[in-house]
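Student: Questions regarding the structure given below will be posed in turn.
The values are calculated or read from the model by the stated rules, or taken from the named source; none is laboratory data. The shown structure was predicted, so the numbers you read here are calculated from the model rather than taken from an experiment. For neighbour counting, all protein chains shown are included, and Cβ atoms are generated from backbone atoms with ideal geometry for every residue, glycine included. SASA here: full protein model, heavy atoms, side chains in, ligands and nucleic acids out. Shrake-Rupley method; radii C 1.70, N 1.55, O 1.52, S 1.80 Å.
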Amino acid sequence: MDMDGDVEERRVQARFITKLKPPCKVPHTSIAIPANVTRFGLSTIVNSLLKAGNDEWESQPFDFVIDGELVRLPLEQFVLAKGISAEKVLEIEYIRAVAPQKEDEPSLHDDWVSAVDGSCPRFIFTGCYDSFGRVWKAAGECTHILEGHRDAITSVTIVSPEGADSVTVATASKDQSLRLWKFDTEEHLDQPAKIRAYKVLRGHNASVQSVAAHASGNMICSGSWDCTINLWRTNLSDTEGDLVSIKKRKVKNNVEESQMEGEALSTLVGHTQCVSAVHWPEHSTIYSASWDHSVRRWDVETGKDLSNIFCGKALNCLHVGGEGSALIAAGGSDPILRIWDPRKPGTSAPIYQFSSHNSWISACKWHAKSLFHLLSASYDGKVMLWDLRTAWPLAIIDSHEDKVLCADWWKGDSVISGGVDSKLCISSGISVQ
């Protein structure tokens, strides 16, 4: 035994590989690295190798994948836990760490920010408890205010297909109605433009809790506290027969302005409690989540629910994405984000459960370009970023001072969120591969 403590450090042979483009590639040769190195140590090694080949290289954080799983333990412990032989050369893939690099100044609202949509890279769309919708070009730059609801906005969605000249959006409210709005994002305005809805949709007899759009932009669906899901057309004309009336109102210059009212085309019935979330990812399929503890998949043509998943908790949010755009993520009245794969038998059991939050989950959203990444928001005041290849959150964003009520991705590299602190927060510089 070496009484001086100079026991030789155990080392393993490793080769670093990556799908990143130059100048982020290290030499393909294997090197000896400490067996007890952590992921932070691995990041230091990769940055040193990159610096050796490029004097101008600036260090950045990396994550590491071995056999399809992110490394979250010291290397030796990870290899042992996975049953990987330490005698062979380890292939370690490195990827950019998923974490925000920048926090913008919060965009203040007059009340709780209850809804947010970042699906259009040109703007952010928010809904607020003050009954107004708002369009934001960037942090602190509000371009449009949507006036007309008589109670809090609960959900918002961008309706128009990508690339449309003018944008159509929909809002849902506690006033039991939905409204459709059009505006031009290219307008150059000195101050926010106040706009009215071109169509009011009535048919629910309780608060409307959620709204989602069909990919074509021709239809939307809504979920309500009346336990139903309604389908609506978004057309400007009455050619489809859903127009009930045209209401006229006086504006300041005494010119009459008309506002259409529409009724639901059809209603999906089956939930027994509030329909808290709806999602319309495919032409003929709608997904819904409810306080009745179920996730349901509906056939739009027949109006029948094709499958039910019961999780034992009231649900607040739902989104479908990931591998094959088929994985169902949902959260609700406990701190656990659950993910199901409906393609597998026995789908009532989640294939993943993430439990780092410490209060109810209010929002979840898959990243549009990734098979592995999604976010969650919670009443614990945090937004967490997840990768299916590890049980630990990749990043914890704690920009809010109170409950987070809504969250979404924006521009592919930013997370936007709103909450009880009346703030829209933007965290950017997130590298998702």
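Student: Of Gly331, Thr126, Asn308, which is farthest along the charge dipole of the range 102-428 in the positive direction, counting Lys and Arg as +1 and Asp and Glu as -1 at C-beta?
Tutor: Checking the options against the dipole of the range 102-428, the answer is Asn308.
Student: Would you mind classifying the chain by shape? Square roots of the alpha carbon gyration tensor eigenvalues, ordered a ≥ b ≥ c; an a/c under 1.5 is rounded, otherwise it is prolate if a/b is larger than b/c and oblate if not. Mind dumping the intermediate values first?
Tutor: On the way: a/c = 2.58, a/b = 1.87, b/c = 1.38.
It comes out prolate by the Cα gyration axes.
Student: Okay, next question. Quick one: if you stick a label point 7 Å off each Cα along the C-beta vector at Gln259 and Gln77, how many nm between them?
Tutor: A separation of 6.0 nm, rounded to one decimal place.
Student: Could you give the nm distance between label points at Arg96 and Ala138, where each point is 7 Å from its Cα heading toward the beta carbon?
Tutor: If labels sit at Arg96 and Ala138, their model points lie 1.9 nm apart.
Student: Separate question: How large are Rg and Dmax for the range 11-96 when only the alpha carbon atoms are used, in Å?
Tutor: 12.3, 39
Student: Can you list which of the trypsin sites (Lys or Arg not before Pro) found in the range 1-93 are DSSP loop residues with at most 12 other C-beta atoms within 10 Å?
Tutor: When the trypsin sites (Lys or Arg not before Pro) of the range 1-93 are filtered for loop state and at most 12 Cβ neighbours within 10 Å, Arg10, Lys19, Lys88 remain.
Student: Modelling each spin label as a point 7 Å along the Cα-to-Cβ direction, I'd like the Gln60/Arg10 distance in nm, to one decimal.
Tutor: It is 3.4 nm.
Student: Suppose the chain between Glu401 and Val269 were pulled fully straight at 0.36 nm per residue; how much longer would it get relative to their current alpha carbon spacing?
Tutor: Taking 0.36 nm per residue and subtracting the Cα distance, the gain is 43.7 nm.
Student: Hey, can you find the accessible area per residue of the chain for me, probe 1.4 Å, expressed in square angstrom?
Tutor: Numbers: 19890 Å² over 433 residues.
Roughly 46 Å² per residue, with all protein chains present.
Student: Further question on the same structure: Please give the net charge around Ser417, taking every other residue with its beta carbon less than 9 angstrom from that of Ser417, where Lys and Arg add +1 and Asp and Glu add -1.
Tutor: Net charge in that neighbourhood comes out at 0.
Student: Taking R0 as 22 Å, what's the FRET efficiency between Ala215 and Arg343 from their Cβ-Cβ distance, rounded to 0.05?
Tutor: Here the calculated transfer efficiency is 0.55.
Student: Can you figure out the FRET efficiency of Glu323 with Glu147, using R₀ = 60 Å and their beta-carbon distance, to the nearest 0.05?
Tutor: Efficiency computed from Cβ-Cβ geometry: 0.90.
Student: Sticking with this structure for a sec: For the range 126-141, list residues with backbone N below 19 Å from a point placed 7 Å from the Cα of Arg196 toward its Cβ?
Tutor: Taking a point 7 Å out along Cα→Cβ of Arg196, the residues of the range 126-141 whose backbone N falls under 19 Å are 131-134.
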